[in-house]
Amino acid sequence: MFKAFMSGVALTLAALLLAFKIGPAYMEYMTIQKTFRALAAEPSMKTATRSEFNNAWNARSGMDNIKAIGYSDIQVDKDGSGIVLSAEYTVRVPLFGNLSALMEFKPRSDQ
């Protein structure tokens, strides 16, 4: 009975450790996705130059503390009368020892 309890505790601790390690990367991904949607929905961004977009991105990413990507990593595509923002990036999170988690993210403003 005690061994089963200790095994359960060990598995729970391992799951919590994993969640605390990779959780921030997923939170930043969701923040990037939210920022993409907000920028794509702004009427001024539909006719903005790349320089104006870069300034808007820098302002928003600074407020939201986005560090994973910069404005040069973002692709801006025209879609009808609007724009679609997208990016691709990877995050490597060391777990323990020589074991790491590699996560690939592809945020888009139209998803």
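The values are calculated or read from the model by the stated rules, or taken from the named source; none is laboratory data. Being a predicted model, the structure only gives us computed values, none of them experimental. Cβ: placed from backbone, ideal geometry, glycine included. Neighbour counts: every protein chain shown. When the accessible area is computed, the model is the full protein with side chains, heavy atoms only, and any ligands, DNA or RNA have been set aside. Shrake-Rupley method; radii C 1.70, N 1.55, O 1.52, S 1.80 Å.
Ordering 16, 72, 4 by Cα displacement along the dipole of the chain toward the positive end leaves 4 in first place; charges were set at the Cβ atoms of Lys, Arg (+1) and Asp, Glu (-1).
Within the accessible area of the range 1-65, the carbon and sulfur atoms contribute 69%, probe 1.4 Å, all protein chains present. If you line up the long axis of helix 2-41 against the longest principal axis of the chain, both from Cα atoms, how many degrees apart are they, to the nearest 10? The helix 2-41 is inclined about 0 degrees to the chain.
Per residue, the chain exposes 67 Å² of accessible surface when a 1.4 Å probe is rolled over the protein heavy atoms with every protein chain present. Compared with the dominant principal axis of the Cα atoms in the chain, helix 50-64 is inclined by about 30°.
Take the Cβ-Cβ distance between residue 55 and residue 9 as r, set R0 to 41 Å, and report the resulting FRET efficiency rounded to the nearest 0.05. Walk me through the intermediate numbers first.
Details: r = 51 Å, r/R0 = 1.24.
FRET efficiency, residue 55 to residue 9: 0.20.
Assign unit charges at the C-beta atoms only (+1 for Lys and Arg, -1 for Asp and Glu), then state the dipole size of the chain relative to its Cα centre in Debye, rounded to the nearest 20. Walk me through the numbers on the way to the answer.
Numbers: 12 positive and 10 negative charges, 61 e Å.
Charge dipole, the chain, about its Cα centre: 300 debye, nearest 20.
Candidate cross-link partners of residue 46 among the aspartates and glutamates, defined by an alpha-carbon separation under 20 Å and a same-chain spacing of 8 or more, comprise 73, 77, 79, 110. Out of these labelled values of semi-axes √(5λ) of the Cα gyration tensor in Å, (1) 39, 13, 11; (2) 22, 14, 13; (3) 26, 17, 10, which was calculated from the coordinates shown here? Of the labelled values, this structure produces (1). Helical runs (DSSP H, four residues minimum) scored at -39500 (n - 2.57) apiece and divided by the length of the chain put the mean residue ellipticity at 222 nm at -17500 deg cm²/dmol.
Counting only residues at least eight positions apart within a chain, or on another chain, the lysines with an alpha carbon under 17 Å from that of residue 34 are 67, 106. GNM remark for the chain: springs join alpha carbons under 10 Å apart, and the peak mean-square fluctuation among 41, 14, 59 falls on 14.
Run the numbers for residue 81 and residue 99: contour at 0.36 nm per residue of separation, minus the present Cα-Cα distance, in nm.
Numbers: separation 18, 0.36 × 18 = 6.48 nm, distance 4.61 nm.
Between residue 81 and residue 99, full extension yields 1.9 nm more.
Which FRET efficiency value, to the nearest 0.05, do you get for residue 1 and residue 63 by plugging their Cβ-Cβ distance into 1/(1 + (r/R0)^6) with R0 = 41 Å?
Working: r = 52 Å, r/R0 = 1.28.
Efficiency at R0 = 41 Å is approximately 0.20.
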